[in-house]
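Shown next, in structure tokens, is the structure this report addresses.
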Amino acid sequence: MNAPNKSGWKPEMQVSEDGLHNGPSTTTGNRALMLEEPLIFEIGHAETTGVDLPEIDKTHTNRLAGFEREEPIGLVGLTEPETVRHYTRLSRQNYGIDLGFFPLGSCTMKHNPRLNEKVARLPGFADIHPMAPQQSVQGALQVIHELGDWLCKLTGMPGVAMSPKAGAHGELCGILAIRAAHTARGDARKVVLVPESAHGTNPATAAFAGYAVEDIPATPEGRVDLDAIKARLAPDVAAVMITNPNTCGLFEKDFREIADAVHAVGAYVYCDGANFNAIVGRVRPGDLGVDAMHINLHKTFSTPHGGGGPGSGPVVFSDALKDFAPLPIVRKLPDDEGYELVEEEQRKHRGQSFGRMTAFHGQMGMFTRALTYMLSHGADGLKQVAEDAVLNANYILRSLEDILHAPFADAGPCMHEALFGDKDFGGGLSTLDLAKGLIDEGYHPMTVYFPLVVHGAMLVEPTETESKASIDQFITAFRSVTERALAGDETLKQAPYYAPRRRLDETAAARKPKLAWSEPED
């Protein structure tokens, strides 16, 4: 697509790199229903506003304590139609779960039932304030308590912390509880072991908490090397962080034996629960010897988390760690007298808590959606969630293993996601080229180049909410682009051709990002 300039768009025939004529360019830049949209700073003016505001009464005392603005803020003013059109046009250039299948692996982007949205927007939940008196938010406290009870029962764990805001925040919560437990017994340990098949945030979390991180290799079949982890266990190891099912899409069949070995040296087992969608209702992590595990409500229990949020990452704890979990917690009062928030000064209710992760719980939208999802599915329905997710992933794996390199296809059935590599691509083509080609087919690409244990990794997670028809359509598109990659079709190096924007220079975008708009030079 030609770039706009101040005098309009060049009225010349557009020819793509594959020689195909895409039709003449237009004066406006619009192409039928694919509408161009400038930045908001280019269509509005700071001197105008779309609403009439009263004159400022300058007789009032300035209450900004010296922090008043010294120059105009420079925000543009638009009329209401201009505002609505601007953001609607931008939304048409994005991809979302309501448009089609989202194959992101390890991200569980699935349909969010609208019932959950309706409940989350009830005024009693949507409009409450974190500083409201506890007597006035008893319903909200009950939702938090009941949701925590569901999480404990689904995982077989006796303790839960509801305040962590997302997955990585939950990881930190678990590791800080582990550190507090070691400190309480005067056993300062320095090392956390992280297998290669774990999520990428695990080593970062351990390092942030002050631990040295050591890798544990994977076996040729993509699972944790049991002998390697046993050989490294020693009195200096504080914990092992394992993702189960792991990022190769495989269940760690030696998990119980690993947990027993870790406990034997006085260390703890942290399980990354981001992939809980594959085992919910089927496996209780507590039965496997897990001491702490975060659960991404925004993955397993609706509210897809694309765009960076919203998120929520409650952490469940074993008996060994539950007294070290953070405050505040919601406690049910005796004799059905309601609920209360146990605050910092009431530490006696939470033993040797390491303190707070955050000032408030604050994710009522996430809590209400998740509990609605659980109640509408029931225990049997949640079990079916896992079964259907695993079935769909295996259908994709077996449908594509004849054309794509599937490194762990012989390791048995995968769990919720199918993993492929870029072996035998021709013409110097890469996984990135295939992913960009999928955009032209109308799909958001799968997770690429992760996990690192597979060259040119492509991780596909269909979830349970996709029908066979939608998966078949994706498989057809995936096969088509794969055939082009294997044949060395160099037109893929310039894909996508039909997206709102052509391929970016991703290296320059990462190293020299432009994070603020500035007036273009004449």
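The figures follow:
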| item | result |
| --- | --- |
| Hz values of 3J(HN,Hα) by residue in the stretch 410-419 - Karplus curve (6.51, -1.76, 1.60), Gly and Pro given as x | 7, 7, x, x, 7, 9, 8, 9, 9, 10 |
| Cα-based convex hull, the stretch 257-339, per residue volume (Å³, whole number) | 155 Å³ |
| Cα-centred dipole magnitude for the stretch 220-313, charges only on beta-carbon of K, R (+1) and D, E (-1), debye, nearest 20 | 320 debye |
| Placed amide H near G159: partners under 5 Å, 5+ positions off or other chain | F317 |
| Dipole magnitude of the stretch 382-426 about its Cα centre (Cβ charges: Lys, Arg +1; Asp, Glu -1), debye to nearest 20 | 120 debye |
| Accessible area per residue, Å², the chain with all protein chains present, probe 1.4 Å | 50 Å² |
| Label-point separation, Q494 to D98 (7 Å along Cα→Cβ), nm | 3.6 nm |
| Formal net charge of residues neighbouring K110 (Cβ-Cβ distance under 12 Å; K, R +1; D, E -1) | -4 |
| Length added when fully stretched, D149-F41, from 0.36 nm per residue minus Cα-Cα | 34.0 nm |
| Furthest towards positive pole of dipole, L492, W517, L504, structure part the stretch 474-519, Cβ charges | W517 |
| Paired Rg and Dmax values of the stretch 425-480, which use every Cα atom, in angstrom | 12.1, 37 |
| Probe 1.4 Å - accessible area at W150, Å² to nearest ten | 60 Å² |
| Which labelled figure in [x] 137; [y] 189; [z] 205 is volume of the Cα convex hull per residue in Å³, once derived from the coordinates | [z] |
| Distance from the stretch 29-106 to the stretch 399-476 (C-alpha centre basis), Å | 37 Å |
| Over the chain, relative contact order from alpha-carbon pairs under 8 Å, at least 6 apart, % | 17 percent |
| Extension gain from W517 to E214, taking 0.36 nm per residue of separation minus the Cα-Cα distance | 104.9 nm |
| FRET efficiency, S376 to R185 (Cβ-Cβ, R0 51 Å, nearest 0.05) | 0.70 |
| Accessible area in the full protein assembly, largest first, 1.4 Å probe, for R223, R179, R484 | R179, R484, R223 |
| Residue-wise HN-Hα coupling along the stretch 69-77, computed from phi with Karplus coefficients 6.51, -1.76, 1.60 (Hz; x: Gly, Pro) | 5, 9, 8, x, 6, x, 6, 7, x |
| For M157, solvent-accessible area (1.4 Å; no DNA, RNA or ligand), Å² | 10 Å² |
| Rounded percent of accessible protein surface that carbon and sulfur make up, the chain, 1.4 Å probe | 54 percent |
| Paramagnetic reach from R479 (point 7 Å along Cα→Cβ, amide N under 13 Å) across the stretch 380-417 | 396-404 |
| Sequence-distant residues sharing a close amide H with Y268 (under 5 Å, placed H) | A239, V240 |
| Over the chain: helical MRE at 222 nm, DSSP H runs n ≥ 4 each giving -39500 (n - 2.57), nearest 500 | -10000 deg cm²/dmol |
| Listed pairs K110/K322; K230/K423; K110/K253; K332/K383; K118/K153; K110/K165 exceeding 23 Å between Cα atoms | K110/K322; K230/K423; K110/K253; K332/K383; K118/K153 |
| Placed amide H near L327: partners under 5 Å, 5+ positions off or other chain | G355, R356, M357 |
| Where labels lie 7 Å past Cα in the beta-carbon direction, separation of H60 and R121 in nm | 3.2 nm |
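The values are calculated or read from the model by the stated rules, or taken from the named source; none is laboratory data. This one's a predicted model, so the numbers in the text were calculated from it and none came from an experiment. A quick note on method: Cβ atoms are made from the backbone with ideal geometry, for glycine too, and the neighbour counts reach across all protein chains shown. Accessible surface areas use protein heavy atoms only, side chains included; no ligands, DNA or RNA. Shrake-Rupley method; radii C 1.70, N 1.55, O 1.52, S 1.80 Å.
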